[in-house]
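Just so you know, all these numbers are worked out from the coordinates, no wet-lab data involved. Source: prediction; values computed, not measured. When we count neighbours, we look across all protein chains shown, and the Cβ atoms used for this are built from the backbone with ideal geometry, even at glycine.
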C-alpha cells in the first residue's frame, strides 16, 4: 500500500451516536481506513493529520467488515458492496480532535 500521504490511509471519520459517546467519555475516535493499512500506519497518519493539535495516539484497534451481497434492483444480478476497515484510535488523556 502506498502510504506516503495520510489521506491514503485515513478515508473519513465515522460519526455515529456510539462513536460520539466514545469520543466524549473515553477519548476514542473512529475512522474509516484503507483495508490494507496496518495499525502503525494508522497511528502515524492520525498524528500527521492532526499535528497542529499536537496529539499523541496511545492505541489503535481495527475491525474488518465484509461487504454485503445483495440483488441489484430490477435486474436479478447479484451485486456486492466493497469490504472496508474501521479503526478506533485512543488518544492520551487531555488530547482532543475537532472533527466537525
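Given labels modelled 7 Å from the Cα in the Cβ direction, how far is it in nm from residue 16 to residue 51?
Distance between label points: 3.2 nm.
Counting pairs of alpha carbon atoms under 8 Å apart in space and at least six apart in sequence, what relative contact order in percent does the chain give?
It comes to 31 percent, rounded to a whole number.
What whole-number distance in Å separates the alpha-carbon centres of region 64-86 and region 5-41?
Value for the Cα centre distance between the two parts: 22 Å.
Order these peptides, 5-12, 38-45, by their mean beta-carbon neighbour count within 10 angstrom, highest first.
38-45, 5-12
Tell me, Kirkwood radius of region 1-59 from alpha-carbon pair distances, in Å?
12.1 Å
With N residues in the chain, what two-decimal value do you get for its Cα radius of gyration over 2.2 N^0.38 Å?
Numbers: Rg = 15.7 Å, N = 100, 2.2 N^0.38 = 12.7 Å.
Cα Rg divided by the expected 2.2 N^0.38 Å: 1.24.
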